[in-house]
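Below: the structure, in structure tokens.
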Amino acid sequence: MRVMVAGAGSVGIAIAEDLTEKGYDVKVLEQDPAVVERLSTQTRLELIVGDACEVASLQAAGVANVDVVVAATGDDEDNLVVSLLAKQEFAVPRVVARVNNSRNQWLFNESWGVDVSVSTPQQLTALVEEAVSVGSLVRLLQFEKGAANLVEVTLADDSPALGQTLAELDFPREATIVAVVRDGRLIVPRGDTLLLEGDEVLVLVTEDSEERVKNVLVR
């Protein structure tokens, strides 16, 4: 798989190095020649000087031949421009974009050429909520342009699901319990799995079914 990473900041370089270690063909495009010169002595990555927000630079870097573009700069506006150009001008099959400010998350969609957006602030918030919340539905991950989400609920002592098996729950067909964690042990969910107080229930939901799942698991 051929990948182009736009932005040679700490995030972009970390992504590029991880992908390279996994055997992928990775290029990093960075507009600051001084950054490229400095990094060239520190890494074996293929570094290219060029502005990823310009069509000419992307073309010269060979973006038309890559399978994935990762827009990983520290500027959301730049990441949106990179994503749009990669998708519309070069028909890159997969575009992944970094969201720096969670308030801009709503912009990172297919209209801007983004297939998958990654918001570090949102992920950290979700992890904090997951660590401290009992009896609340916490969204952990968003998949496929928001069509599906992974949510987690730690069952409180007043959860309406307590004492019921999974088969007995009035669960929407658009949602699936993918795991139950009990006392640090993973339980593969089955129809006869009984839910107990303190269970961490992970559910794959659609946007439309999320509220109904909440009503089943949370009072």
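FYI, it's all coordinate maths here, none of it is from the lab. Being a predicted model, the structure only gives us computed values, none of them experimental. When we count neighbours, we look across all protein chains shown, and the Cβ atoms used for this are built from the backbone with ideal geometry, even at glycine.
Direction-averaged projected area, Cα convex hull, the chain: 13.7 nm², rounded to one decimal.
Electrostatic bookkeeping for D199 treats Lys and Arg as +1 and Asp and Glu as -1; over the other residues with beta carbon under 11 Å from its beta carbon, the sum is -2. Hydrodynamic analysis of segment 148-208 uses the Kirkwood radius over alpha carbon pairs. Inserted into Stokes-Einstein at 37 °C and 0.692 mPa s, it gives a translational diffusion coefficient of 279 µm²/s. For the residues G12, G163, G198, a GNM of the chain with alpha-carbon springs under 10 Å puts the largest fluctuation on G163. Counting only DSSP beta bridges with both residues in the chain, the antiparallel share comes to about 50 percent. Highest mobility in the GNM of the chain, judged by mean-square fluctuation with C-alpha springs under 10 Å and restricted to V118, V178, V99, is found for V178. By the count of other C-beta atoms within 10 Å, a proxy for reagent exposure, W112, W106 are ordered fewest to most as W106, W112.
Relative contact order (percent) for the chain, with alpha-carbon contacts under 8 angstrom and 6 or more residues of separation? This gives 13 percent for the chain.
The GNM of the chain, with springs linking C-alpha atoms under 10 angstrom apart, assigns the highest mean-square fluctuation among S40, S209, S57 to S40. What relative contact order, as a whole-number percentage, does segment 133-217 give when Cα pairs under 8 Å and 6 or more residues apart are counted? So the answer I get is 36 percent. Gap in Å between the Cα centre of segment 133-194 and the Cα centre of segment 46-64? Taking the Cα centre of each part, segment 46-64 and segment 133-194 sit 44 Å apart. For segment 1-75, trypsin sites (Lys or Arg not before Pro) are listed when DSSP marks them as loop and at most 16 other Cβ atoms sit within 10 Å of their Cβ; the list is K22, R44.
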